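The values are calculated or read from the model by the stated rules, or taken from the named source; none is laboratory data. Only a predicted model underlies this, so the values are computations on that prediction, with no experimental measurement involved. Cβ placement follows ideal geometry from the backbone for every residue including glycine, while neighbour counts extend to all protein chains displayed. Accessible surface areas use protein heavy atoms only, side chains included; no ligands, DNA or RNA. Shrake-Rupley method; radii C 1.70, N 1.55, O 1.52, S 1.80 Å.
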Amino acid sequence: PEGKSAPGGHELDADYWEIVGRSPAGGVDNVLNVESNSDVMYQNRHLWIRGENMSKILKVRHATIKAFRDHYYDRDYVEVTPPTMVQCQVEGGSTLFKFDYFGEEAYLTQSSQLYLETCIPALGNVYCIAQSYRAESSHTRRHLSEFTHIEGELPFITFDQLLEALEDLVCDTAQRIMDSKYGQLVLDLHPEFKVPQRPFKRMDYREAIAYCKEHDIKKEDGTYFEFGDDIPEAPERKMTDMIGEPILLCRFPKAMKAFYMQPDLADPIVTESVDLLLPNVGEIIGGSMRIYDENELYAGFMREGISPDNYYWYVDQRKYGTTPHGGYGLGLERYLMWLLNSNNVRETCLYPRTADRCKP
């Protein structure tokens with residue numbers, strides 16, 4: 001028609017055509033349309049992904065995974081494939097999916113970090129792209145029960161070098177995507193997207209607590225956050241959006257972090273830990289320097305009430321030659337939320353698994 005053009009400027013002039021696969025009258029629109037609620041859309045996810053926007057999101061997801069692998073390859077990381085059926089916890093026992101493994105209790109992995117650490121003496125810088133699982137009954141816009149976890153471990157680094165590696169990972173990967181043939185799809189979905197500038201803003205946990213007080217960001221009960229409090233998603237995102245740039249939030253209290261995180265030598269009640277916060281999403285990366293002294297590691301087990309028996313292989317990494325090292329985990333779906341300005345992580349994966357959905 002006059003004033004209209006075909007997508008990409010390509011017109012098709014056919015002298016013969018044939019319908020290969022027929023649909024019922026009305027087609028997919030009878031099942032899914034702009035008025036469908038979210039339950040209907042996720043119940044019919046297999047049809048939803050045929051839509052133009054979902055097709056673009058999944059293509060960008062494909063390009064993003066390739067960009068991460070290219071980033072790692074060009075920086076001499078070695079990709080490994082750790083197991084996802086395990087007998088130890090990484091992020092706390094309350095979020096483990098348990099199952100019977102031929103008569104023994106086992107879990108779906110929360111993170112491949114511990115296995116990546118075992119690869120450092122043999123391979124140097126290592127990474128993996130694998131599924132991780134969290135059995136937490138969370139219904140926020142950035143939580144999934146199963147997600148794609150991009151994790152890296154680096155030997156012979158300092159905490160500052162770890163922060164620089166995170167900046168490099170996020171910015172270099174984003175630039176690779178934008179320079180590829182899929183960059184236009186990113187702009188179709190997020191016209192204002194720009195690769196962030198380095199260095200990112202550094203902010204200690206103590207400074208974040210002070211910022212929340214100064215800007216009247218409170219807990220649900222109306223009180224202010226104090227040292228030792230976890231800052232949940234909503235106030236964390238409010239702070240991030242107010243600052244309006246990527247934040248490397250550092251040095252969380254030892255009492256609220258995992259057993260393996262290295263204490264800060266200058267301030268031992270906090271750890272050399274970091275969360276990367278991005279506007280519109282909040283946390284997309286969690287990382288830290290790892291304890292590499294055997295006695296300190298045993299103290300971490302005791303503090304968290306964890307039996308070291310199933311971790312003998314992890315302890316051996318400290319017993320038979322060790323090195324300062326650090327690492328991180330990045331949630332791919334959250335990275336895509338930021339890249340594409342999506343409202344929910346469920347939009348950035350193929351078939352989302354959440355606390356209330358395990359189908360189709």
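The table below gives the values:
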quantity: Distance from the range 133-202 to the range 63-79 (C-alpha centre basis), Å; calculated: 13
quantity: The range 1-78, accessible area per residue, ligands and nucleic acids excluded (1.4 Å, Å²); calculated: 79
quantity: Global geometry of the range 23-110, whether rounded, prolate or oblate, following the gyration tensor of its Cα atoms and the 1.5 cut on a/c; calculated: oblate
quantity: Per-residue ³J(HN,Hα) for the range 34-43, Karplus 6.51 cos²θ - 1.76 cosθ + 1.60, θ = phi - 60°, Hz, x for Gly and Pro; calculated: 5, 8, 5, 7, 5, 4, 5, 5, 6, 5
quantity: Cleavage-rule hits (trypsin sites (Lys or Arg not before Pro)) in the range 32-113: DSSP loop, at most 15 neighbouring Cβ within 10 angstrom; calculated: R50, R75
quantity: Other-chain or far-sequence residues with amide H under 5 Å of D204's (modelled H); calculated: C250
quantity: Rounded to the nearest 20 debye, dipole of the chain from Cβ charges on Lys, Arg, Asp, Glu; calculated: 420
quantity: Mean Kyte hydropathy of -0.5 or more with a Cα span along the axis of at least 27 Å, helices from DSSP in the chain; calculated: 159-179
quantity: Viscosity 1.306 mPa s, temperature 10 °C, Stokes-Einstein D of the chain from Kirkwood C-alpha radius, µm²/s; calculated: 71
quantity: Shape of the range 1-69, Cα gyration tensor, a/c cut at 1.5; calculated: oblate
quantity: For the chain, calculated [θ]222 nm from helices alone, where every DSSP H run of n ≥ 4 adds -39500 (n - 2.57); calculated: -10000 deg cm²/dmol
quantity: Area accessible to solvent at S55, 1.4 Å probe radius, in Å²; calculated: 40
quantity: The range 95-181, dipole about Cα centre (Lys/Arg Cβ +1, Asp/Glu Cβ -1), debye to the nearest 20; calculated: 400
quantity: The range 1-55: chymotrypsin sites (Phe, Trp or Tyr not before Pro) in DSSP loop, at most 14 other beta carbons within 10 Å; calculated: Y16, W17
quantity: Positive-end extreme of charge dipole, the range 165-302 - chosen from M289, V186, Q197 (charges on Cβ); calculated: V186
quantity: The chain - percent of accessible surface contributed by carbon and sulfur, probe 1.4 Å; calculated: 49
quantity: Selection of GluC sites (Glu not before Pro), the range 15-52, meeting DSSP coil and at most 12 other Cβ within 10 Å; calculated: E18, E35
quantity: Whole-number percent relative contact order across the chain, with pairs defined as alpha carbons under 8 Å at least 6 apart; calculated: 19
quantity: Built amide H within the under 5 Å cut-off of F97, gap 5+; calculated: L108, A135
quantity: Cα-based convex hull, the range 112-265, per residue volume (Å³, whole number); calculated: 168
quantity: With eigenvalues of the C-alpha gyration tensor scaled by 5 and rooted, the range 216-315, Å; calculated: 30, 15, 12
quantity: Taking the convex hull of Cα positions in the range 161-201, its mean projected area over all directions (nm²); calculated: 3.0
quantity: Stokes-Einstein D for the range 203-260, Kirkwood Rh over Cα pairs, 25 °C, 0.890 mPa s (µm²/s); calculated: 206
quantity: Nonlocal amide H pairs with E272, under 5 Å, H built at 1.01 Å; calculated: Q262, D264, M289
quantity: Estimated Rh, the range 286-360: Kirkwood, alpha-carbon pairs, angstrom; calculated: 15.7
quantity: Rg to Rh quotient for the range 67-196, alpha carbon positions, Kirkwood Rh; calculated: 1.03
